[in-house]
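We did not get these values from a lab; they are worked out from the coordinates using the rules stated. The structure displayed is predicted, hence computed values, not measured ones. Don't worry about glycine lacking a Cβ; one is built from the backbone with ideal geometry, like all the others, and counts go over all protein chains shown.
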Amino acid sequence: MKPDLISERRIHAATVDYLKLALRPGVVFHHSPNEGRRGWKAQRDVKSHGVHAGWPDLEILHNGKTYFIELKSLKGRLTARQKLCHEQLIHAGFYVKICRSLDDVVVCCRNWGLINTV
């Protein structure tokens with residue numbers, strides 16, 4: 001399949017499989033399922049529980065630091081809420097990176113020192 005035809009969903013699944021195998025001991029990652037459509041009651045409930053619009057796809061925690069990865073296809077664009085959320089996270093001192101392929105994720109995690117290298 002051509003790289004520009006790989007969906008964000010497939011990039012996300014491949015990234016999760018990779019992180020499960022490659023992260024160093026003591027590194028934890030998490031996905032907050034903010035995406036998707038919900039009825040108004042469910043939407044009200046997630047908002048009242050602190051769901052933050054635009055939150056990045058993955059959070060990675062290690063040695064007291066938090067790293068965020070936003071996954072996008074090659075043609076995917078950030079929403080205004082995602083841009084604002086990312087700016088707020090960066091301003092708060094966190095690391096935020098947009099990755100458009102599994103290769104991007106590998107390079108990012110390597111640069112952050114989160115994966116085992118041989």
Practice item. For ALA22 and ILE6, compute 0.36 nm times the residue count separating them, minus their Cα-Cα distance, and round to one decimal in nm. Key: 3.6 nm
Review point. By the scheme Lys and Arg +1, Asp and Glu -1, what is the net charge of all other residues having a beta-carbon under 10 Å from that of LYS97?
Key: -2
Revision key, fill the gap. In nm, the gap between the two label points placed 7 Å beyond Cα toward Cβ at ARG77 and ASN111 is 2.4 nm
